Each structure stands twice: as structure tokens, then as C-alpha cells.
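Enquirer: Have a look at the structure that comes next, please.
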Amino acid sequence: MEQGNFYHFAGRHAVVTGGAAGIGLAIARRLAAGGASLTLWDRDAAQLQSAKLALGGSATVHCVVVDVSSTDQVDAARDATIEGGGAVDILVNSAGITGPNTTVCDYPVEDWDRVMAVNLRGPFLACRALVPQMQARNYGRIVNIASVAAKEGNPNASAYSASKAGLVALTKSLGKELAQTGVRVNCVTPAAVQTGMFAQMTQQHIDYMLSKIPMNRFGQPDEIAALVAWLASEDCSFSTGAVFDISGGRATY
């Protein structure tokens, strides 16, 4: 149900991981504009407070400092979230890191493990923690932020590409597991979006990503948030385990 330019989320409680900045914050802002109450999960306490101030009085906002790659921290975040804001209706897994830009042969193992821990283990742990209470109420919307790199495998970004491909597969598996319930699970695969994550990349890699986008520009966080808002809404009722491209024309399948 649209309400002006926004979907109606009144009475819904949303968790956004990586919600303190970038795409996560844009999604949080969009959900808040539709009336959702929010719990932002992020490992950066200072950025969380800045995000809460940026959202202003537009929504009820709780903040939980959490490393999404830690089982104990995610389980504790779940408990704090439900205690502070009630049952969770919407989960958006947006937390992610790029890792270094280098070849497979030169890729440091510890960096590979960290990228996998945040980008793939993190959404797994969040889903594992929050899905049971969605199932108990027979309602939920889960949106995973993957990447077009999951489909194409960007050179010099093997860990990032592989982690996002794993997230696509996790989305499909969980979507099928929950298909006969009221919980929907989908993901989006953006091309490069202009956020603070660019600081983690080399200029050469940034230039490469731009060269692959037919629109010849990067995506903007608000553009991703607009698609996520529909996937997080009640209107998204007959789509689950699906992958939605938002790539400026880059994705061709």
C-alpha cells in the first residue's frame, strides 16, 4: 500500500544492519518515512548516534552496537532489539565490507575470512536469530543487500564477489524454506553505489566498476532504498527467494 511516495509501515518494526551509514541509513530513512519503528545494528557506536540524530523525530529509533559476524553478539542484539522495540517484522541485511582489491593469488587469507564473516556469515546469523519469531507470528520481510558482483565476479574483488554470490544462494534457500509461511525473503543486486565504502577501494577498481555501467554513473543510496521499501512491504506478497537487479543497465541476466 503506497502512501504518497512511500509504502505504509505503521506498526512495523524493522531491523537494518549496517544502518548507521550509506545504503543502510538510506533504507532506514525510507522505512521511517513510511511509519516504521527502527532498530539499527552497526559496529560503529559513534556513527549509530549520528544516524539516530539524522533520522530526527521522524521515527522511533533504537541503536544496538553489534559485530554481525559474532554469534553471541547477534543473539544478544536480537534480545535487546525485541526488548527495546518489540517483535521484528522486517530485517534488512545491509552490513558489508569490500575487502582489499587484489588478485586471488595475492589475497590475504585473514582478509578473505573477514569479508566472508561480515558479508555472508552476518546475514546468516541475523536470519537465524530473527526468523523464528517471524514464523511464530506468520509474518516477516527479509531483504538482503547483495551485489551485481555476485553474478559477474569482479576481478580483484574475489572475496566480495564470492560472499555476495553466497548471499544470493542463502536468499534462495531461505526463501524456499519459508515459502509456505507469511515470511518473504528476497535480495537486491546493485551495481556500484556511491557511499563511504568507496574509501575501501582503489581508484582503479572504482573506475573499472563505472566502466561497466551503461548509464555511466553510480547508483545512489536512495535509489536502492526505494526498491528495498517495496520488498519490505506487505505488497511484496508473491515474490520470495528472488533476486532484483538495480544496476544502471549492467546486469543482463
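The values are calculated or read from the model by the stated rules, or taken from the named source; none is laboratory data. What you are looking at is a predicted structure, and each value in this text was computed from that prediction instead of being measured. Here the Cβ is made from the backbone with ideal geometry for all residues, glycine too, and neighbour counts use every protein chain on show. Areas reflect the complete protein model, heavy atoms only, side chains present, ligands, DNA and RNA absent. Shrake-Rupley method; radii C 1.70, N 1.55, O 1.52, S 1.80 Å.
Enquirer: With a 1.4 Å probe and every protein chain kept in, tell me what percent of the accessible surface of the chain is carbon plus sulfur.
Expert: C and S fraction of accessible area: 53 percent.
Enquirer: In µm²/s, what is D for the stretch 1-147 at 37 °C and 0.692 mPa s, where D = kT/(6 pi eta Rh) by Stokes-Einstein and Rh is the Kirkwood radius from Cα pairs?
Expert: Calculated translational D: 210 µm²/s.
Enquirer: Right, here's the next one. Based on alpha-carbon atoms only, what is the radius of gyration of the stretch 38-80 relative to the globular estimate 2.2 N^0.38 Å?
Expert: The stretch 38-80 yields a ratio of 1.17.
Enquirer: Using 0.36 nm times the number of residues separating residue 87 and residue 216, minus their current alpha carbon distance, what extension gain do you get?
Expert: 42.2 nm
Enquirer: Roughly how many Å² is the accessible area per residue of the stretch 39-91, as a whole number, for a 1.4 Å probe?
Expert: Counting only protein heavy atoms, the per-residue value for the stretch 39-91 is 46 Å².
Enquirer: When only alpha-carbon atoms count, how far does the chain stretch along each of its three principal axes, as whole angstroms with the largest first?
Expert: Between the extreme Cα coordinates on each principal axis of the chain lie 47, 38, 37 Å.
Enquirer: Please give the net charge around residue 107, taking every other residue with its beta carbon less than 12 angstrom from that of residue 107, where Lys and Arg add +1 and Asp and Glu add -1.
Expert: Taking every other residue near residue 107 into account, the sum is -3.
Enquirer: So, for the stretch 126-190, what is the accessible surface per residue at a probe of 1.4 Å, expressed in square angstrom?
Expert: 33 Å²
Enquirer: Moving to a separate point now. Return an integer: the convex hull volume of the alpha-carbon atoms of the stretch 91-157, in Å³ per residue.
Expert: Dividing the Cα hull volume of the stretch 91-157 by its residues yields 81 Å³.
Enquirer: Roughly what angle does helix 221-231 make with the longest principal axis of the chain, taking Cα atoms, 0 to 90 degrees, to the nearest 10?
Expert: 50 degrees
Enquirer: Over the stretch 1-55, calculate the relative contact order: mean separation of alpha carbon pairs under 8 Å at least 6 apart, over the residue count, as a percent.
Expert: Here the relative contact order equals 39 percent.
Enquirer: What is the helix-to-structure angle for 158-177, meaning the angle in degrees between its Cα long axis and the longest Cα principal axis of the chain, kept from 0 to 90 and rounded to the nearest 10?
Expert: The helix 158-177 is inclined about 30 degrees to the chain.
Enquirer: Can you spot the lysines whose alpha carbon is less than 20 Å from residue 172's alpha carbon? Ignore those fewer than 8 places along the same chain.
Expert: 151, 164
Enquirer: Hey, rough spin-label estimate for residue 206 and residue 181, points 7 angstrom out along Cα→Cβ, what's it come to in nanometres?
Expert: 4.2 nm
Enquirer: Within the chain, what percent of beta bridges assigned by DSSP are antiparallel, to the nearest 5?
Expert: Antiparallel bridges: around 5 percent, rounded to the nearest 5.
Enquirer: Just the number, please: Stokes-Einstein D of the stretch 176-253 in µm²/s, Kirkwood Rh from C-alpha pairs, 4 °C, 1.567 mPa s.
Expert: Stokes-Einstein gives a translational diffusion coefficient of 92 µm²/s.
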